[in-house]
Amino acid sequence: MTAAKNSMLCPNCRRLISIDEPACPYCGLSRPGSRKASLFFSRFSAGFPDWVRTIIYANAVFFLLSLFLNPSSLGFTANPIGLLAPSEGSLFLLGATGAIPVAQYGRWWTLISASFLHGGILHIFFNMAALWQLGPFVIREFGASRFVLIYILAGIAGFYLSVLAGIPLTIGASASVCGLIGAILYYGKSRGGFYGEAIYRQAMGWIVGLVLFGLLIPGINNWAHGGGVLAGILIAFAAGYQERRRETFFLQVLAGLCVILTAAVLAWAVLQALYFLLR
């Protein structure tokens, strides 16, 4: 009974520890038994989709903005894939990437912005649904900082590979989402055991589905998908996950820089698009 009273779940990684621990032995959270740390991190952990929601909101805003920039291109269509599809001009202005924007116009910043653009209502719906399903798991097992690094850097890697492959114009969050799948694949294989093997098999199922989807549906950027998966695996290998390696200050700083850079790129995309339209 005494041991139970002196034990608690770490507010950050949710593992059972002593309430008197100066730092969580699993994730490194300083003074996990303090009221302040518990309130902050329990709110963050219980609401771990907060990062996911932020990304979804940003994607929704950019989707609506891409429609607003050229409303004359909208129309009713019997093809659901083309429903509420922004014009290529609007997408280019807001930061679509590919061989044309990067190689011809030197718009390297589009390697970041393209992850927040989508070609139609179904495109954004399926990508955001996948993010909503996968994101919380990655945040729980890797931590928020590593989630941010995986999501942003995998998107950049997938689109950079697309540029090298000569894809003229490409958009979508799927490269970043595939990065999450790659990280989950690595986690399952690395962790092992019954739980790890179950996670690994599920991740492999997603990858098989991606391959089949890419082969059967025209216009799918398989280079971005493959690059995202590979980047997710490599980042997960280099950064580790909560059970094996605590989230370091360096990772937190690196994730913060990625967030700042992404926010700056998205702000620049909006400003230069509006400037082009209003000049």
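The values are calculated or read from the model by the stated rules, or taken from the named source; none is laboratory data. Predicted, not measured: the structure shown is a model, and the values here were computed from it. Because the Cβ atoms are built from the backbone with ideal geometry, glycine has one as well, and the counts that use them run over all protein chains shown.
Go over the candidates G219, G209, G179 one by one and state the one that is closer than 21 Å to H123 by Cα, assigned by TED's automatic domain parsing to the domain that holds L117, small (G, A, S) and surrounded by 13 or more Cβ atoms within 10 Å (Cβ to Cβ). First the steps, then the outcome.
Details: G219 fails: surrounded by 13 or more Cβ atoms within 10 Å (Cβ to Cβ); G209 fails: surrounded by 13 or more Cβ atoms within 10 Å (Cβ to Cβ).
Testing whether each residue is closer than 21 Å to H123 by Cα, assigned by TED's automatic domain parsing to the domain that holds L117, small (G, A, S) and surrounded by 13 or more Cβ atoms within 10 Å (Cβ to Cβ) leaves just G179.
Can you tell me how many residues within the stretch 181-218 are of a type outside the set (A, V, I, L, M) and in contact (Cβ under 8 Å) with a residue 24 or more places away in the chain?
6
For the stretch 20-43, does any single residue satisfy the condition of being surrounded by fewer than 20 Cβ atoms within 10 Å (Cβ to Cβ) and at pLDDT 80 or above?
no
Go through the stretch 140-175 and report how many residues are of a type outside the set (S, T, Y) and closer than 16 Å to F92 by Cα.
Taking the stretch 140-175 first, the residues of a type outside the set (S, T, Y) are 140-144, 146-150, 152-159, 161, 163-169, 171-173, 175.
Next, only the ones that are closer than 16 Å to F92 by Cα stay: 159, 163, 167-169, 171-173.
Count: 8.
Collect the residues in the stretch 189-225 that are among the aliphatic types (A, V, I, L, M) and not in a helix (DSSP H, G or I), keeping them in residue-number order.
If the condition is that a residue be among the aliphatic types (A, V, I, L, M) and not in a helix (DSSP H, G or I), then I217, I220 are the ones that fit.
With respect to G172, is the statement that it is at pLDDT 95 or above, at positive phi, part of a loop (DSSP other than H, G, I, E, B) and buried (at least 16 other Cβ atoms within 10 Å of the Cβ) true?
Judged against the criteria, G172 is a match.
Report, by residue number, each residue of the stretch 237-279 that is farther than 30 Å from E88 by Cα and outside any helix (DSSP H, G or I).
Once the filter is applied, which keeps residues that are farther than 30 Å from E88 by Cα and outside any helix (DSSP H, G or I), the stretch 237-279 yields G240, Y241, Q242, E243, R244, R245, R246, E247, T248.
Six or more apart or on different chains, Cβ under 7 Å: which pairs go from a residue in the stretch 108-125 that's farther than 15 Å from L93 by Cβ and assigned by TED's automatic domain parsing to the domain that holds Y160 to one that's part of a helix (DSSP H, G or I) and hydroxyl-bearing (S, T, Y)? Could you list them?
Every condition considered, the pairs that remain are L111/Y160; I112/T262; S115/S176.
Can you give me the number of residues within the stretch 260-279 that are surrounded by fewer than 15 Cβ atoms within 10 Å (Cβ to Cβ) and in contact (Cβ under 8 Å) with a residue 12 or more places away in the chain?
Qualifying residue count, the stretch 260-279: 4.
Please go through the stretch 63-85 and pick out each residue that is at pLDDT 90 or above and surrounded by 14 or more Cβ atoms within 10 Å (Cβ to Cβ).
F63, L65, S66, L67, listed by residue number.
So A236 passes all but one of these: (1) at pLDDT below 95; (2) closer than 23 Å to I260 by Cα. Which condition number does it fail?
(1)
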